[in-house]
Amino acid sequence: MYEVYIRSFCDGDGDGVGDIAGLRSRLAYLADLGVDAIWITPWYESPMRDGGYDISDHRAIAPEFGTMGDAEALLAEAHRLGLRVLVDLVPNHTSDRHPWFQEALAAGPGSSDRDRYLFRRGTGDAPPNDWESQFGGPAWTCVDSAEGWWYLHLFAPEQPDLNWADASVGDEFEAILRYWFDLGVDGFRVDVAHGLVKEQDLPGLRPHGDGIDHPHWDRPEVHDIYRRWRSVADGYVEPRVFVAEAWVSTPDRLARYLRPDELHTAFNFDFLTAPWLAPRLRAVIDATLAAHAAVGAAPTWVLACHDAARTVSRLAREQADAPVRSLADLLERPADFEVGQLRARAAVLLLLALPGGAYLYQGEELGLPEVEDLPPDVRRDPTWERSGHRDPGRDGCRVPLPWSGTQPPFGFSPEGASKLPWLPQPPAWADRTVEALAGDPDSMLSLYHRALRLRRDHPALGDGTLRWLPSPPECLFFARDPGFGCLVNISSYPVSLPEGTGVLLASQSLGPDRQLARDTAAWLDVA
Ligand code: GLC
């Protein structure tokens, strides 16, 4: 599966913002790359205070992205090319411009129109409790200081949290699912799937070292919602699927979302945040496989997404034992981007060799680094402002893709475009355009092509199981039946390939005597 961050994928109309027309024009590129499906980040009507994750109309397309007609044409063309299409569903909150929230504000305290959100009274100047916004600052905004009424927003103030205890919320989301399923979307990525249900009476935060019994994350009641959605999906003849974005504390807690009558898959963020260290990666792989096997679900591996620093930049740093997710985690550490590229090449071969599904994020196939030096005045992620400019936020992994040519907009926008791309592209990306990499057999793009072809053709790859094989220290070596092996050298030394194996693909060329250099992965024929 390939994540399309629509704002930054391709601009069809020249306004500097990616859109459906641009995406349609590049569907052939995605089919040729060898992916099976795309997930499109929110394309709905929105004031765009959080890149479209603040939706004001779930049944309309944002004008800057196109029209409903464009969306339908995209679905039809993608299906013709053999690509399935997943869209984003944002059920934890709406935009503050959503008619429900506007009605709630207008109706005033005590009105049942407020029951769809979480309005509470604070005390004096203090909010109702100590919950924090994920983007920094309190999770409450006051709407009426005389009476002390506040509303909850676990994200930006422009994203009020819905109250899932109110029956009309569940009914509306079921109708939204059916609306898009009926139009032909093949599935939904469920935003903040672990956040919808809050503990009754909204108690304050308390120590919760294991992440269990947290007052607003991963509440047990949330699973009832997914049982209802599963039965909606199962009512369609053609398969309809869900993938959960659920940042929970352990693989076992994640697997609870994947019980047979709940969601089909969930992003495995433990793999994304794991350091490039063999024991840590192996522990994540083992824990993931065991937890998923217990509920009969396929794991879903992910290296990158629009919320995390790009793989090349994460892996360019010395690898400490702590998980790394955002640019803020990296800034202090010196970087070696050549090492980052080598590790990113090896990491994607590891990812694609593991049992289950895999999510790729746009631009990873070009080896794009995080843009770490975006000027402050162009940053759009609410994290930047709300953290008091301490956390640069997620814009650095959202810079528009370079397609062709030698200078910005690198084919992102059509010739004669009226505006520059919404975030500036580094001039050095001239070497990283699709056009530049497509012609180079050793490029990251060529590696992705070959790996995805092999993954499609090799009977051992995709869903299934793995068997660990004895390996040199700081290496990962496993077999998949029939006849496939993956060896990843995470040590600081070259290692020799096992006797009697043939090389199907390697993330860089082998040294003399079939040596696999450090930070290199090889797919092997072990028949
Ligand atoms: C998810 C999205 C992220 C967004 C947040 C709030 O984590 O991936 O981009 O900011 O939800 O909707």
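Quick note: the coordinates plus some simple rules give every number you see, no bench work behind them. This one's a predicted model, so the numbers in the text were calculated from it and none came from an experiment. Note that each Cβ is placed from the backbone with ideal geometry, even for glycine, and that neighbours are counted across all protein chains shown.
Side notes on the structure shown:
- Ordering of 234-240, 78-84, 263-269, 378-384 by packing [mean C-beta count within 10 Å, highest first]: 263-269, 378-384, 78-84, 234-240
- For Val241, distant residues with modelled amide H under 5 Å away: Gly187, Phe188
- Distance between the C-alpha centres of the stretch 96-114 and the stretch 153-176: 12 Å, rounded to the whole angstrom.
- Global geometry of the stretch 102-229, whether rounded, prolate or oblate, following the gyration tensor of its Cα atoms and the 1.5 cut on a/c: oblate
- For the stretch 482-512 versus the stretch 42-71, the gap between their alpha-carbon centres in whole angstrom: 46 Å
- Contour minus Cα-Cα distance for Ala175 and Ser496 (0.36 nm per residue): 109.8 nm
- Ranked by how many other beta carbons lie within 10 Å on average, peptides 107-113, 473-479 from highest: 473-479, 107-113
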